[in-house]
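Student: Here it is, the structure in full.
The values are calculated or read from the model by the stated rules, or taken from the named source; none is laboratory data. Just so it is clear, the model here is predicted, and its values are computed rather than measured. Ideal geometry is used to build each Cβ from the backbone, glycine not excepted, and the neighbour counts take in all protein chains shown. Keep in mind that these areas ignore ligands, DNA and RNA; they rest on the heavy atoms of the full protein, side chains included. Shrake-Rupley method; radii C 1.70, N 1.55, O 1.52, S 1.80 Å.
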Amino acid sequence: MTVLETIRSGAERLAAGGVDSPRLESEWLLAHVLGVPRLRLVLEAGRVVTAGETREFAGLVASRATRRPLQHLLGSVSFCGLEFAVNASVLIPRPETELLAERAWQLLLGPPPPWAHRPVVLDFGTGSGCLAVTLAVKCPAAVVHAVDISPDALAVARGNAVRHGVDGRVSFHLGDGFAALPADVRFDLLVGNPPYIPSGEIATLQPEVRDHDPRLALDGGADGLDFYRRIARAAAAWLRPDARVMLEFGDGQGAALRGLFSGGPWRCEGIFPDDSGRERILIAAVARA
Ligand SMILES: C[S@@+](CC[C@H](N)C(=O)[O-])C[C@H]1O[C@@H](n2cnc3c(N)ncnc32)[C@H](O)[C@@H]1O
């Protein structure tokens, strides 16, 4: 079969498996097998695909048709223009989280630069390391700490830090949230995309998420807000003056987040939408006396 025929047959198989964008994903998989950029396939539409390539492609398509995520089959995902290795130990970084990364590096870089010293950043629940590593790459002055309770996720995150040459500036801590951090470190910025799916809703998610993202990365407790309550209770003690907290949260959780980060030690600076207009990011600061 030619490249074009192979793409078509893959797309048919993926459509039968209920995959959302079968043609596009068929192209991604074939490009991966042939080792060429996806857009190059147009130029090679008439090329004959070898028997070995066809076999490998058919295996990937069959796997994807069972709703294994495309990113697991490709082995990596692009986040803020950087390539991150992913596997079944980590949440696949989402486009919404790129908005959080962007707001965070804009804050770190100013203008005006908000801190006279090198800013110290905490990524709470780092997963693939997409936030920690991106911020270290974009902000060469930043010192970054990343915590995760999953040793397998931390191994992926460490690999991604090495891949992007920032392993000397990102410290990884294994354990349960703040308890895993060195006692004397204080942060100028806490970023995080904590697990926020209500436990009872996990069974209703798409198979790619429900069956392949780690449960540890999804389950936010009965109402999805367990981690935000923990952060609202404990984070202020870990922050320096003028520090900020920037958290991603789930659809419909904005009002609860505003409530958790208003009053007491907190001043809510804003809730910001994603590209589809859904409230998605909280920015809060420690209230001044
Ligand atoms: C939703 S994922 C976010 C991963 C990554 N930051 C991203 O945005 O793609 C949440 C992460 O929090 C981690 N996590 C869950 N419980 C934790 C805990 N008690 N302490 C630290 N990390 C935890 C999970 O292992 C998972 O990697």
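Student: How high is the FRET efficiency from T2 to Q206, r the C-beta distance, R0 30 Å, rounded to 0.05?
Tutor: Computed FRET efficiency for T2 and Q206: 0.40.
Student: If you don't mind, another one. Can you work out the Karplus-derived ³J(HN,Hα) for every residue in region 153-160? Use 6.51 cos²θ - 1.76 cosθ + 1.60 with θ = phi - 60°, whole Hz, and x for glycine or proline.
Tutor: Each residue of region 153-160 in turn: 5, 4, 4, 5, 4, 4, x, 5 Hz.
Student: Calculate the dipole size of the chain relative to its Cα centre from +1 charges on Lys and Arg beta carbons and -1 charges on Asp and Glu beta carbons; express the result in debye to the nearest 20.
Tutor: 460
Student: Okay, next question. Please give the length that would be gained between I149 and A88 if that part of the chain were fully extended, namely 0.36 nm times their separation in residues minus their C-alpha to C-alpha distance (nm, one decimal).
Tutor: 20.5 nm
Student: Okay, next question. Run lengths n ≥ 4 of DSSP H only: what is the helix-derived mean residue ellipticity at 222 nm for the chain, with -39500 (n - 2.57) per run over all residues, to the nearest 500?
Tutor: -11000 deg cm²/dmol
Student: Now for a separate question. Collect residues whose amide H, placed 1.01 Å from N in the peptide plane, falls under 5 Å from the amide H of S76; neighbours closer than 5 in sequence don't count.
Tutor: The list, which skips near neighbours in sequence, is V86.
Student: For region 178-289, give the magnitude of the charge dipole about the Cα centre (Cβ charges: +1 Lys/Arg, -1 Asp/Glu; no others), in debye to the nearest 20.
Tutor: 600
Student: Enumerate by residue number the GluC sites (Glu not before Pro) in region 207-281 meeting two conditions: DSSP loop (anything except H, G, I, E, B), and at most 15 other Cβ atoms within 10 Å of the site's Cβ.
Tutor: Of the GluC sites (Glu not before Pro), not one in the loops of region 207-281 has a Cβ with at most 15 other Cβ atoms within 10 Å.
Student: Of the options L14, F57, Q106, report the single residue whose Cα projects farthest towards the positive end of the charge dipole of the chain (beta-carbon charges: Lys, Arg +1; Asp, Glu -1).
Tutor: After comparing all options, I get Q106.
Student: When the solvent-accessible surface of protein heavy atoms is calculated with a 1.4 angstrom probe, in what order do S76, S171 fall, highest first?
Tutor: From most exposed to least exposed: S171, S76.
Student: Taking only Cα atoms, what is the 0 to 90° angle, nearest 10, from helix 95-109's long axis to the longest principal axis of the chain?
Tutor: 40
Student: Mind checking which of H117, L29, A256 is farthest towards the positive end of the chain's charge dipole, using Cβ charges of +1 (Lys, Arg) and -1 (Asp, Glu) about the Cα centre?
Tutor: Looking along the dipole axis, the top candidate is H117.
Student: Test of the criteria: in region 28-63, which trypsin sites (Lys or Arg not before Pro) are in a DSSP loop and have at most 16 other Cβ atoms within 10 angstrom of their Cβ?
Tutor: Filter output for region 28-63: R47.
Student: On a 0 to 90 degree scale, rounded to 10, what angle separates helix 51-65 from the longest Cα axis of the chain?
Tutor: Its long axis makes an angle of about 50 degrees.
Student: How many angstrom separate the Cα center of region 1-66 from the Cα center of region 229-281?
Tutor: 42
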